[in-house]
Amino acid sequence: MTKLTIAAAAALSLFLTAPAMAQDAAMFASPSKLTQTGGENIYKAICAGCHMPEGQGAVGAGKYPALANNANLESAGYPIYLIIHGQKAMPALGSVLDDQQIADVVAYIRTSFGNDFAEPVTVEEVTDAR
């Protein structure tokens, strides 16, 4: 194959894949809403990948703090804020989760993994934190 043929093949390949690449970029520009409901289901779908299935946390590409026995969860406002706005390695999930989903997952982590912070988490608290 000549240099011209290789260049033409590369250009054609780029031309043919450009719509797919644009579609992938659009997917990241406006993330989909998560359809899971219930705090445990949401935790398993989004949170467990970094914070681990039993909330033990992890260190890898970033530091993912343990949610198990975590005194910082005593105030519901703290995890609500972090889930909505993100911080460090924690991505902002406010555009992915609605207020009810955030309230549910916060209630779940505050009453699981050895945590015993049973005060209710309301949708209004989440709405106010946005």
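The values are calculated or read from the model by the stated rules, or taken from the named source; none is laboratory data. Values in this document were obtained by computation on a predicted structure and should not be read as measured data. Methodologically, a virtual Cβ is constructed for each residue, glycine included, from the backbone with ideal geometry; neighbour enumeration extends over all protein chains shown. Surface areas here come from the heavy atoms of the whole protein model, side chains and all, with no ligands, DNA or RNA. Shrake-Rupley method; radii C 1.70, N 1.55, O 1.52, S 1.80 Å.
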- Cα-Cα pairs above 23 Å in segment 32-129: how many percent? 14 percent
- Task: Tell me the label-point distance for the pair Asp128, Ala48, using the 7 Å Cα-to-Cβ offset, in nm and rounded to one decimal.
- Result: 3.2 nm
- Message: Can you give me the % of accessible surface on segment 32-129 that is carbon or sulfur? Probe 1.4 Å, all protein chains present, nothing else counted.
- Response: 53 percent
- Which value, in Å² rounded to 10, gives the accessible area of Glu74 with a 1.4 Å probe and all protein chains present? 120 Å²
- Task: Excluding residues on the same chain fewer than 8 positions from Lys63, give the aspartates and glutamates whose Cα lies under 20 Å from its Cα.
- Result: Glu54
- Give me the net charge of Glu119's neighbourhood, meaning all other residues with Cβ under 15 Å from the Cβ of Glu119; Lys, Arg count +1, Asp, Glu -1. -4
- Message: Heavy atoms only, 1.4 Å probe, whole protein assembly: order Lys44, Lys88, Lys63 by accessible area, highest first.
- Response: Lys88, Lys63, Lys44
- Between Gln100, Val123, Ala89, whose Cα lies farthest towards the positive end of the dipole of segment 89-130 when Lys and Arg beta carbons carry +1 and Asp and Glu beta carbons carry -1, centred on the Cα centre? Ala89
